[in-house]
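Read the structure below first, then the notes.
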Amino acid sequence: MPYLKSLIKGPIGVFDSGYGGLTILKEIRKALPEYDYLYLGDNARTPYGTRSFEVVYEFTLEAVTRLFDMGCPLVILACNTASAKALRSIQQNDLPYLDDSRRVLGVIRPTAESIGEATKSRHVGILATSGTIRSESYPMEIKKLFPDITVTGLACPMWVPLVENKEYDSEGADFFVKKYINELLDKDADIDTIVLGCTHYPLLIDKIRQFTPEGINIITQGEYVATSLKDYLRRHDEIASRCTKNGRCEFLTTESVEKFKESASIFLHEDVEVRSITLE
Ligand code: DGL
């Protein structure tokens, strides 16, 4: 009997370099609780934000291939760095060979779509990893949709390590949160909307709010990505009908199970079932 790719059913894959994607997963599960999810955190090789295009692409492709092998018909890159540096190449060059009946989606486009309504001054700031800022993905996506908006980006290389090392609530974090917000507003004083363009950053939200002048909107991505995914599944029954619906969620990490369990419980406020895997 021929191998019918379109019959493969499974959970929705959600990928991040580490724990950050859990902030996206949380909102997706709230919006679409009936689906099954398989989360993969490449914790052993995080952060991706300071790595070259080639390395981020190679690591992301390994993750997508593994999630496909585990039956996911759809994979969400819940990582801006991977969305900025690998998504397009994977969609255009790799999917046709891997399995062109499956889909890989990112988080930058749905976030960019939300900007138009959020800003009045039409000056927007993007805080993200060095990789995402260097890729210019945000200015390009926002300009395509809203040519009148001025976009100013700033890399915050210390924020992911603060989150991955559970220092996001510490006094030490204050210095680096204040530093990057002030630098961004020094670059453009008319900014009225700041996008947290890294899925790790919502863990720093209390401190970010504390050091951001009143009246400036702070945008986190989870809800926008969840709404956009809901809409995508409504419009694409050929994919939605292949995503299984038992309300289950499983987790994979490239680091130790214990470490992941401990941190995931902080992000998700629940105990999780985790397996350790190696990517290559
Ligand atoms: N959470 C990822 C993002 O949204 C990147 C973190 C990292 O590995 O540097 O960009």
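Within segment 214-257, track down each residue that is open to solvent by less than 70 Å² (accessible area, probe 1.4 Å) and in a loop (DSSP other than H, G, I, E, B).
Once the filter is applied, which keeps residues that are open to solvent by less than 70 Å² (accessible area, probe 1.4 Å) and in a loop (DSSP other than H, G, I, E, B), segment 214-257 yields Ile216, Thr220, Gln221, His236, Ser241, Arg242, Thr244, Gly247, Thr254, Glu255, Ser256.
Could you go through segment 110-126 and let me know if any residue there is of a type outside the set (Ser, Thr, Tyr), on the phi > 0 side of the Ramachandran plot and without any contact (Cβ under 8 Å) to a residue 24 or more places away in the chain.
The answer is no, given that none of the residues of segment 110-126 is of a type outside the set (Ser, Thr, Tyr), on the phi > 0 side of the Ramachandran plot and without any contact (Cβ under 8 Å) to a residue 24 or more places away in the chain.
Does segment 10-20 contain at least one residue that is assigned to a helix (DSSP H, G or I) and either in contact with a Phe, Trp or Tyr (Cβ under 9 Å, 6 or more places away or on another chain) or touching a residue at least 12 places away in the same chain (Cβ under 8 Å) (or both)?
Scanning segment 10-20 turns up no residue that is assigned to a helix (DSSP H, G or I) and either in contact with a Phe, Trp or Tyr (Cβ under 9 Å, 6 or more places away or on another chain) or touching a residue at least 12 places away in the same chain (Cβ under 8 Å) (or both).
Which pairs have Cβ atoms under 8 Å, sit 6 or more apart or on different chains, and link a residue in segment 34-53 that is closer than 17 Å to Val14 by Cβ and open to solvent by 50 Å² or more (accessible area, probe 1.4 Å) to one that is of a type outside the set (Gly, Ala, Ser) and more than 13 Å from the ligand (Cβ to nearest atom)?
Close Cβ pairs (under 8 Å, with a partner that is of a type outside the set (Gly, Ala, Ser) and more than 13 Å from the ligand (Cβ to nearest atom)) amount to Glu34/Lys245.
Looking at the structure I just gave you, is Thr193 open to solvent by less than 10 Å² (accessible area, probe 1.4 Å) and at pLDDT 95 or above?
So Thr193 fits the description; yes.
Of (1) away from the ligand (no atom under 16 Å from the Cβ); (2) part of a helix (DSSP H, G or I); (3) among the charged types (D, E, K, R), Lys26 satisfies all except one. Which?
(1)
Determine, yes or no, whether Lys143 is free of Cβ contacts under 8 Å to residues at least 60 places away in the same chain, basic (Lys, Arg) and in contact with a strand residue (DSSP E or B) (Cβ under 8 Å, 6 or more places away or on another chain).
yes
Considering each residue of segment 54-84, count those that are under 22 Å from Cys243 (Cα atoms) and either touching a Lys or Arg at 6+ places or on another chain (Cβ under 8 Å) or open to solvent by less than 50 Å² (accessible area, probe 1.4 Å) (or both), and give that number.
18
Restricting to segment 31-54, what's the tally of residues that are within 11 Å of the ligand (Cβ to nearest atom), more than 19 Å from Ile277 (Cα to Cα) and assigned to a helix (DSSP H, G or I)?
Selection size over segment 31-54: 0.
The values are calculated or read from the model by the stated rules, or taken from the named source; none is laboratory data. Predicted model, so just to flag it, every value in this text is computed and none were measured. Virtual Cβ from ideal backbone geometry, glycine too; neighbours counted across all protein chains shown. Surface areas here come from the heavy atoms of the whole protein model, side chains and all, with no ligands, DNA or RNA. Shrake-Rupley method; radii C 1.70, N 1.55, O 1.52, S 1.80 Å.
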